[in-house]
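Accompanying notes for the structure given below.
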Amino acid sequence: MSAGDHRPGLTLDGLTKRFGSVLAVDGLSMEVTSGEFITLLGPSGCGKTTALRLIAGFETADGGRVLFDGKNVSGFSPQRRGFGMVFQNYALFPHLNVFENVAFGLRARRASRSLIEERVARSLDRVKLAGYGDRGVQQLSGGQQQRIALARALAIEPPLLLLDEPLSNLDATLRERTRSELRALVKELGITALFVTHDQEEAFDLSDRVAVMRDGRLRQLGTPEELYLEPADRFVAGFVGRANVLTGRVLHTGELEWQISLDAGATWTASGQSPGATPGESAPPLEAGATVELLVRPEDLEFAPDASSAAAAAGDGGENRPVGGLVRDTRYRGIATSYVVELSDGSRIEVSAAAGLATPGERVRIRPRRHSRLHIFAPEAV
């Protein structure tokens, strides 16, 4: 099954799971194309791991269906589903050596000795641990143990690979290298993969598409670029990447355009769908005077010239005039510096710009860059 095959692979249809009074997964519906790498992303307790366990068959759904290649597998045992699973703690057997750990799933399926030897050798080679079969798992580093867990999942040649935060126990450098290798391997094998993480950078680095979850519900499913540039709601906007949120009132509305009077003392214009709209649908336009929240990314802001300068007097030709503030802190972030600026209403925003443009204690003026994206949300959408 190649990554270019666009037949439906995994379908979740209204998947629901309760634990007592807690609704862990609430009507989760989504479709994963064959050969696609999808990540479930969200904060702790959002239901992403429970969703993965429902798909694997380790938990029984209270409602909804799990379909794979068009077949309803909701009533199947984990073994009958035949999916590969990599757990957060790897779940390796300490009393078995590497070979036996990788062979475990094959032995459970009563594979022949020759097939077991062939598959184990192939799987260890794929994860760059050929020749490690006789070693005890306790002798391995965390990164090597993670690879053995992946090799075990791959040995059964699963049609679907499920991964529950398998990189969270690795240090930052090893985690970054391993996720690049993981994506390359999954794509090479053409496996459909579903990955769980709370790390946005990890999700973006690995995935063809990302499913953002909160309180058991799917908030948005899209490519990393779509989530970052066109967030569906305030939660997605704030969870995916760094974001500034400013409050204000609607002064004027046009077709997909909103002129907002900020509490911090400036008028900025945002464009996009009306708050509450869903993809492909519209929502009633906000009336003048309505309270809203305006979201802008740090890299979409810039320092404006001093009000007394000739450049400021000439104006920038746009509608977004600068708002004044006081630099409270600076943080070096490699390619850019993050400036924390306190505005007149007491709110603080972050500006990502070149180093050396301002220092703590300095008064500055902030405005959106030309052609930057400003998103508008109703406060109740949080």
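The values are calculated or read from the model by the stated rules, or taken from the named source; none is laboratory data. Only a predicted model underlies this, so the values are computations on that prediction, with no experimental measurement involved. Methodologically, a virtual Cβ is constructed for each residue, glycine included, from the backbone with ideal geometry; neighbour enumeration extends over all protein chains shown. Each accessible area value is taken on the protein alone, full model and side chains, heavy atoms only, with ligands, DNA and RNA left out. Shrake-Rupley method; radii C 1.70, N 1.55, O 1.52, S 1.80 Å.
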Which ³J(HN,Hα) values, rounded to whole Hz and listed in residue order, are derived for segment 360-377 from phi using the Karplus coefficients 6.51, -1.76 and 1.60 in 6.51 cos²θ - 1.76 cosθ + 1.60 with θ = phi - 60°, glycine and proline given as x? x, x, 7, 7, 9, 10, 10, 8, x, 5, 4, 6, 6, 9, 10, 10, 10, 9
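Grab the chain and count how many Lys pairs have their alpha-carbon atoms under 23 Å apart, sequence gap of 8 or more, or different chains. Intermediate values should be presented prior to the final figure.
On the way: K17/K48; K17/K71; K48/K71; K48/K187; K128/K187.
Counting lysine pairs in the chain gives 5.
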Please identify, among R113, R234, R81, the residue showing maximal mean-square fluctuation in a Gaussian network model of the chain using a 10 angstrom Cα cutoff. R113
So what J values fall out for segment 134-142 if you push phi through Karplus, 6.51 cos²θ - 1.76 cosθ + 1.60 with θ = phi - 60°, rounded to Hz, Gly and Pro as x? 7, 7, x, 5, 5, 7, 8, 6, x
Largest fluctuation, T16, T359, T50 only, Gaussian network model of the chain with Cα springs under 10 angstrom, belongs to T359
Sorted by chain and number, the residues with a modelled amide H under 5 Å from that of R217, at a separation of 5 or more or across chains, are D26
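When the helices in the chain are scored as -39500 (n - 2.57) per DSSP H run of 4 or longer and the sum is shared across all residues, what 222 nm value do you end up with, to the nearest 500 deg cm²/dmol?
-7000 deg cm²/dmol
Among rounded, prolate and oblate, which fits segment 109-260 when a ≥ b ≥ c are the square roots of the eigenvalues of its C-alpha gyration tensor, a/c under 1.5 means rounded, and a/b larger than b/c means prolate?
On the way: a/c = 3.70, a/b = 2.64, b/c = 1.40.
Taking the square roots of the gyration eigenvalues as a ≥ b ≥ c, segment 109-260 is prolate.
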So what are the ³J(HN,Hα) numbers for segment 226-233, from phi and the Karplus equation (6.51, -1.76, 1.60; θ = phi - 60°), rounded to whole Hz, Gly and Pro as x? 5, 5, 6, 8, 9, x, 6, 8
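Could you state, as a whole-number percent, how many of the C-alpha pairs of the chain are farther apart than 34 Å?
41 percent
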If amide hydrogens are placed 1.01 Å from N in the peptide plane, which non-local residues have theirs closer than 5 Å to the one on R209? F37, T39
What is the distance in Å between the Cα centroid of segment 93-119 and that of segment 51-83? 24 Å
Candidates P159, P224, P94; GNM for the chain (alpha-carbon contacts under 10 Å) flags as most fluctuating P94
When DSSP assigns beta bridges and you keep just the ones with both residues in segment 117-224, what percent turn out antiparallel, to the nearest 5? 50 percent
What dipole magnitude, in Debye to the nearest 20, does the chain give about its Cα centre under +1 on Lys/Arg Cβ and -1 on Asp/Glu Cβ? 1380 debye
Just need the relative contact order of the chain here, percent rounded to a whole number, with Cα pairs under 8 Å and 6+ apart. 15 percent
Using the alpha-carbon atoms, what tilt in degrees (0 to 90, nearest 10) does helix 98-108 show relative to the longest principal axis of the chain? 80 degrees
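Using the heavy atoms of the protein chains alone and a 1.4 angstrom probe, what is the accessible area of the chain per residue in square angstrom? Please report the intermediate quantities before stating the final value.
Working: 18040 Å² over 382 residues.
Counting only protein heavy atoms, the per-residue value for the chain is 47 Å².
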Taking the Cα atoms of segment 56-131 alone, what are Rg (to one decimal) and Dmax (as a whole number) in Å? 15.1, 46
Dividing the surface of the Cα convex hull of segment 1-130 by four yields a projected area in nm² of 9.9 nm²
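Could you tell me what percent of the accessible area of segment 1-147 is made up of carbon and sulfur, with a 1.4 Å probe and every protein chain present? It would help to have the intermediate numbers written out before the result.
Working: 3420 of 7210 Å².
Exposed carbon and sulfur together represent 47 percent of the surface.
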Out of G143, L182, L326 - ranked by how far each Cα lies towards the positive end of the dipole of the chain, with unit charges on the beta-carbon of charged residues - the top one is G143
Please report, in Å, the Rg and the Dmax of segment 211-250, where both are computed over Cα atoms only. 11.0, 32
Please compute the contact order of segment 72-216 in relative form: average sequence separation of alpha-carbon pairs under 8 Å and at least six residues apart, divided by the residue count, as a percent. 29 percent
